[in-house]
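Data first, discussion second: the structure below is written as structure tokens.
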Amino acid sequence: MKRKILKRTAGILLTMIMVCASLAGCSGKDQAGTDNGAAGRAAESLDPEGSGEERAMGRFLEEEVDTGVVFGNIYDVKKLDNGTLRIIGSNGDDESKSAWDSKDKGASWEKAYDFPAEIQDSDEGYADRGALSADGKAVCVYNKIENGSGIKPILYLLDQNGSARPLAFELPGSKGENAQTKLVMGVTFAGNDQLLVKDETDTIYQISTEDGSVKQTYDFDGSLDSHQVYVAGTKMIIFTSTEALVYDTETGEQVSPEEPLQQGLAEAGLFHALDTMDGGESIYCLSGGGLYYYKFGGSVMEQLIDSKMNSMGAPAFYPIALTMVDEENLLVAANDSNSSSPTGVSLLKYTYSADTPAKPDKELKAYSLYDNREMRQSISRFQKEHTDIFVNYQVAMSEENGMNVSDALKTLTTEIMAGKGPDLMILDGMPVETYIEKGILKDLSSLIGEESSYFENILKAYEDEQGQLCAAPARFMIPMIQAGSAYYRPGEDFDSFTGRKDALANMEPKTVVEKFWYSCGAAWQNSDGTLDAAKITEFLTKLKNAYGTYDSSLDDEKTSVYTAMDGNVEEIGTLSFSRGDFDLAFGKTNVNIGLFGKMDYGMMKAVNNKLEDGDYGLMPGQAEDVFVPAMILGINSKSAQTETAEAFVKYLFSQDSQKISQSGGLPVEKEAFRSVIDGHQYEGQQNLVCVGGVEIDQMLDYAMEPTPEEEIKKFTDLVESLNTPAFRDDVIKDAVAEQGEKALKGEISPQEAADAIMQKVNIYLAE
């Protein structure tokens with residue numbers, strides 16, 4: 001049985017950026033008198049001839065390599081001493097382990113050999129990692145399943161033709177009657193005759209390939225930071241999240257750290273792959289920021305490839321291996337769940353083009369309050385096909401700048417009114433209707449394509465009486481609930497649900513208020529744009545009943561479960577439905593509520609099986625049939641890059657972009673929606689099990705399997721029944737959450753909280 005271990009981690013989630021701009025706004029109001037000079041001058045500054053400055057030329061361009069193999073995994077890629085490029089890994093069709101060679105710089109590939117039968121996957125064990133040496137040898141980690149004693153990792157050394165023999169090496173501490181089995185977490189060659197083997201504690205053993213004897217041991221004194229191990233010549237280079245360590249593998253001694261390398265790590269972020277072309281005198285390193293070059297003894301680490309212009313910067317892109325073919329060509333093996341590969345494992349080639357401008361001719365400014373991973377992934381794909389366009393994506397709120405929603409929106413409005421706003425905006429959390437009324441947004445209806453291909457009830461959330469789509473959600477989320485029958489029954493209303501005392505017990509009060517804001521806030525709006533104070537009081541009173549008495553010990557246990565992403569805030573954060581599944585399964589909470597943005601049928605079924613008559617459905621609320629418009633797109637009516645913005649919006653509504661799934665919302669395009677919820681990636685795979693949990697003694701096994709057709713239909717029918725867009729103004733939401741938290745904690749009454757909310761909101765609406 002194959003088992004994948006999933007870890008749920010607590011992080012800190014925050015966000016950053018800003019954008020907006022175009023010609024005539026949706027309201028039809030006269031735009032005369034608005035100064036468009038700044039936008040025009042900005043456009044001129046991007047024109048190399050108009051600027052009068054010499055244009056910088058030369059950039060690496062990306063292409064996906066067609067190897068003829070659908071890889072299930074790639075362990076390593078290496079340029080051998082004889083010039084051959086070699087890959088070792090598994091075939092995604094049958095999981096067989098093999099080696100493949102290219103003798104023409106990656107243009108064509110052929111199988112070199114299959115791994116021997118004893119290290120192919122079977123009921124007795126499985127191979128999960130490996131590495132190549134420059135002379136063509138390979139090492140493979142085979143995890144032998146031993147009845148009653150867990151897993152025993154065995155290192156197999158393969159010669160240039162694939163003949164294998166086990167190495168006489170066993171991780172120290174794995175022997176003895178009461179010893180716990182240790183696993184190999186990393187392996188790489190140090191030269192052609194030695195290996196560096198890392199165990200679960202990040203201890204590194206330098207061993208001989210001849211007899212398995214240990215030459216050196218590198219112990220990091222219980223450091224909790226992960227150590228990424230690479231080799232360049234006789235140097236062992238270790239990167240952690242905060243420092244670079246260099247050791248001499250001939251002596252085992254640490255070499256004095258070089259400041260430019262440390263500074264490069266701080267600026268580029270953690271490095272995930274490394275290669276050298278001169279025996280370790282210099283290195284090429286790959287991080288989320290792109291490709292970097294450093295010559296030891298030099299004064300600076302140089303960026304050669306900017307990840308903002310290719311797939312390297314995409315959120316789902318995880319490098320496996322880097323191979324420098326020569327100074328102008330390199331190969332990168334990567335896991336990218338949104339790549340064209342059905343398994344997500346791809347091989348990319350980057351080639352230097354001296355005739356391509358270093359910076360694209362056109363710059364499109366895109367802006368959002370919160371970081372959007374689907375947006376980042378789409379930018380990578382779009383720029384790959386449009387090498388003349390650079391999408392400058394800015395996020396308003398980040399951990400570093402500490403900006404709140406109100407301040408961000410004031411700054412954005414000032415920029416827009418001055419004609420300096422972004423070209424394209426993701427309007428999530430913004431007062432969308434207000435922007436439409438003021439003519440800030442351009443009609444998008446001609447950019448969508450065949451409307452019947454989309455969920456029109458979602459797509460037309462902001463359609464006006466004239467049929468204009470001044471804003472359109474490319475994705476959506478659903479306020480959902482899952483629980484046993486004692487606390488929830490599908491289809492019940494807000495009164496019935498909140499009538500059960502303690503239904504919401506043991507949950508973080510502020511998060512509870514924020515989640516129910518989405519299923520209730522749409523019922524509070526009066527026709528004149530003001531809010532109904534009575535509805536807000538009713539909302540807080542009923543929530544308080546369902547919440548019960550606040551347990552102050554939660555303050556001591558509280559940890560942030562926001563997902564950190566380059567210091568930016570992702571909006572869904574603690575509001576995600578998937579954040580509460582383990583708490584519900586193991587009885588910490590009575591219900592799981594949240595914004596549902598991605599179907600994981602196996603998990604939902606496993607949680608239901610832990611409950612008494614468990615089921616899921618729409619979160620009860622004061623409003624009915626609510627969906628949450630997400631990735632709401634709008635083009636600034638004052639934009640100087642209207643055509644470019646329109647081209648990008650068309651792409652964002654295309655199937656290629658819609659099928660991208662980073663848990664930030666369900667696609668509004670129907671075929672893409674099905675592909676996200678149907679679990680097709682698990683077709684043909686048997687006994688594939690995930691193990692996840694928050695605590696070590698509360699681990700839940702759940703099958704990774706296709707979603708049954710009846711469940712797909714049930715969920716699709718539910719989506720088609722949704723007709724009420726949630727209220728998307730986070731200045732108001734934040735005011736409700738702040739005062740609502742106090743009410744649920746019992747610090748103030750629901751009436752007092754409602755009064756405080758109305759006071760803050762009325763000031764905001766009057767601005």
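Observations on the structure shown:
- For the range 59-109, the candidate set comprises residues that are among the acidic types (Asp, Glu) and part of a strand (DSSP E or B); within that set, the residue that is nearest to Pro360 (Cα to Cα) is Glu62.
- Residue in the range 718-726 that is over 23 Å from Asp551 (Cα atoms), of a type in the set (Val, Ile, Thr) and open to solvent by less than 10 Å² (accessible area, probe 1.4 Å) present: yes
- The set of residues in the range 115-165 being closer than 17 Å to Tyr75 by Cα, in a strand (DSSP E or B) and basic (Lys, Arg) consists of Arg129 alone.
- Count of the range 510-544 residues, restricted to those that are under 15 Å from Gly594 (Cβ atoms) and not hydrophobic (A, V, I, L, M, F, W, C), is 6.
- Of the residues making up the range 56-66, none is at pLDDT below 50, of a type in the set (A, V, I, L, M) and either exposed (fewer than 14 other Cβ atoms within 10 Å of the Cβ) or closer than 30 Å to Ala408 by Cβ (or both).
- Of the residues Asp225, Asp219, Asp193, the single one that is under 20 Å from Leu270 (Cα atoms) and open to solvent by 20 Å² or more (accessible area, probe 1.4 Å) is Asp225.
- Test: residue in the range 496-504 that is open to solvent by 30 Å² or more (accessible area, probe 1.4 Å) and hydroxyl-bearing (Ser, Thr, Tyr): yes
- Answer residue from the range 748-767, given it is outside any helix (DSSP H, G or I) and not charged (D, E, K, R) and is surrounded by the fewest Cβ atoms within 10 Å (Cβ to Cβ) among those: Ser749
- Those residues of the range 715-748 which are over 36 Å from the mean Cα position of the chain (by Cα) and either more than 30 Å from Gly617 (Cα to Cα) or among the aromatic types (Phe, Trp, Tyr) (or both), in sequence order: Glu747, Ile748
- Restricting the first member to the range 649-663 and to residues that are closer than 19 Å to Glu451 by Cβ, and the second to residues that are part of a helix (DSSP H, G or I) and open to solvent by 30 Å² or more (accessible area, probe 1.4 Å), the beta-carbon pairs closer than 6 Å and six or more apart or on different chains are Ser657/Tyr651.
Matching residues to (1) among the aliphatic types (A, V, I, L, M); (2) in contact with a Lys or Arg (Cβ under 8 Å, 6 or more places away or on another chain); (3) outside any helix (DSSP H, G or I):
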| residue | (1), (2), (3) |
| --- | --- |
| Val607 | yes, no, no |
| Gly621 | no, no, yes |
| Ser639 | no, yes, yes |
| Val649 | yes, no, no |
| Ser663 | no, yes, yes |
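For (1) in contact with a Leu (Cβ under 8 Å, 6 or more places away or on another chain); (2) more than 30 Å from Tyr318 (Cα to Cα), each residue gets a yes or a no:
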{"position": "Ser406", "(1), (2)": "no, yes"}
{"position": "Gly419", "(1), (2)": "no, yes"}
{"position": "Pro431", "(1), (2)": "yes, yes"}
{"position": "Leu444", "(1), (2)": "yes, yes"}
{"position": "Glu465", "(1), (2)": "no, yes"}
{"position": "Pro473", "(1), (2)": "yes, no"}
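- Single residue of the range 125-146 satisfying the filter (within 16 Å of Leu183 (Cα to Cα) and open to solvent by 30 Å² or more (accessible area, probe 1.4 Å)) that is farthest from the chain's Cα centre (by Cα): Glu146
- Only a single item in (1) exposed (fewer than 15 other Cβ atoms within 10 Å of the Cβ); (2) more than 22 Å from Gly597 (Cα to Cα) is not met by Pro490, and it is number (2).
- Wholly enclosed strands (runs of 3 or more DSSP E) of the range 341-400 bearing at least 2 residues surrounded by fewer than 17 Cβ atoms within 10 Å (Cβ to Cβ) and hydroxyl-bearing (Ser, Thr, Tyr): 345-357
- Looking across Thr276, Thr242, Thr251, one residue alone is over 28 Å from the mean Cα position of the chain (by Cα) and open to solvent by 60 Å² or more (accessible area, probe 1.4 Å). It is Thr251.
- Applying the condition of being without any contact (Cβ under 8 Å) to a residue 40 or more places away in the chain and open to solvent by less than 30 Å² (accessible area, probe 1.4 Å) to the range 286-297 and asking which residue is farthest from the chain's Cα centre (by Cα) yields Tyr294.
- Residue in the range 499-514 that is of a type in the set (Lys, Arg) and assigned to a loop (DSSP other than H, G, I, E, B) present: yes
- Summed over the range 414-470, the residues that are assigned to a loop (DSSP other than H, G, I, E, B) and charged (D, E, K, R) give a count of 10.
- Ser749 vs. criteria out of contact with any Ser or Thr (no Cβ under 7 Å at 6 or more places or on another chain), modelled with pLDDT of 95 or more and not basic (Lys, Arg): yes
The values are calculated or read from the model by the stated rules, or taken from the named source; none is laboratory data. Note that the structure is predicted; figures quoted are calculated from it, not measured. When we count neighbours, we look across all protein chains shown, and the Cβ atoms used for this are built from the backbone with ideal geometry, even at glycine. These accessible areas exclude ligands, DNA and RNA; they are computed on the full protein's heavy atoms, side chains included. Shrake-Rupley method; radii C 1.70, N 1.55, O 1.52, S 1.80 Å.
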